[in-house]
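Data block below; observations after.
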Amino acid sequence: MEWTRIPVGPIQANAYLLSSADRQCLIVDPGAEGAALVRRIEEKGLTPLAILLTHAHFDHIGGIPDVLARWDIPVYLHENEKQWLQDPALNGSLYFGGPVVVRCEPICLKGSTALNIGPFALDVRETPGHSPGSVSYYCQEANIVFSGDALFAGSIGRTDLPGGNHQQLLKSIHDELLTLPEETIVLSGHGLETTIAAEMDTNPFLHGFS
């Protein structure tokens, strides 16, 4: 398994490609610059199987239409944010530079569950707090977790947007992320990668929580 981080859009949200040895891939959070993402995937000779969304804020969904125009693939999203794709007020784009509307019927995730797509085996972990439908995707084989905007290197997600809850976010991180193997690489929605061990040791937001 191989992963690629691609910062996109004015907020530099991280889109990711997770690819297998047979050149199939998953697209995580194609937030903007969809046409450029399509070109990147084609240049790498990859065949996308699905889009995985950690949550449905505008900076994580804006590139979906271009991807779906090129490939007819499913979009996975937690059921709590199904309506956010087509609602600029809910996905936040109404207040940040212009409306983003994504017209598709996602496959709705509910609860922490196993997700198998082609050669990819993922553990879906509910990590609400930044938003009510935030999830993280753990891939044991690749030793990575896509944490979206729940956990960052040295920080955590903001909780002042609609549906945010600071205590819920801390609980999600402690229950669903810090319980992963310490060597797990954390691939966040913004910024550089980190590890579970590094965040346990040095993240100031995670100390003193009970």
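The values are calculated or read from the model by the stated rules, or taken from the named source; none is laboratory data. All figures in this text were calculated on a predicted structure; none of them were measured in a lab. Ideal geometry is used to build each Cβ from the backbone, glycine not excepted, and the neighbour counts take in all protein chains shown. Heavy atoms of the whole protein, side chains included, go into the accessibility calculation; ligands, DNA and RNA do not. Shrake-Rupley method; radii C 1.70, N 1.55, O 1.52, S 1.80 Å.
Remarks
- Projected area, mean over directions - the stretch 2-202, Cα convex hull, nm²: 9.9
- Cut-off under 5 Å, modelled amide H: who pairs with Ser188 long-range: Ser147, Thr194
- Set of aspartates and glutamates near Lys44 by C-alpha distance (under 13 Å), chain-local residues within fewer than 8 positions excluded: Glu2, Asp22
- Summing Lys and Arg as +1 and Asp and Glu as -1 over all other residues whose Cβ lies under 12 Å from the Cβ of Ala32 gives a net charge of -4.
- Counting charges near Ile11 (Lys, Arg +1; Asp, Glu -1) among other residues having Cβ under 13 Å from its Cβ returns a value of -3.
- Relative contact order (percent, whole number), the chain, Cα cutoff 8 Å, 6+ residue spacing: 15
- With an a/c value of 1.5 or above and a/b not larger than b/c for the gyration tensor axes a ≥ b ≥ c computed over the alpha-carbon atoms, the stretch 1-119 is described as oblate.
- Label separation (His174 vs Glu43): 4.4 nm, computed from points 7 Å beyond Cα along the C-beta direction.
- Per residue value of the accessible surface for the stretch 2-202 (all protein chains in place, 1.4 Å probe), Å²: 41
- Taking every DSSP beta bridge that has both ends in the stretch 2-202, the antiparallel portion is near 65%.
- Computed [θ] at 222 nm, helices only, for the chain once each DSSP H run of length n ≥ 4 contributes -39500 (n - 2.57): -4500 deg cm²/dmol
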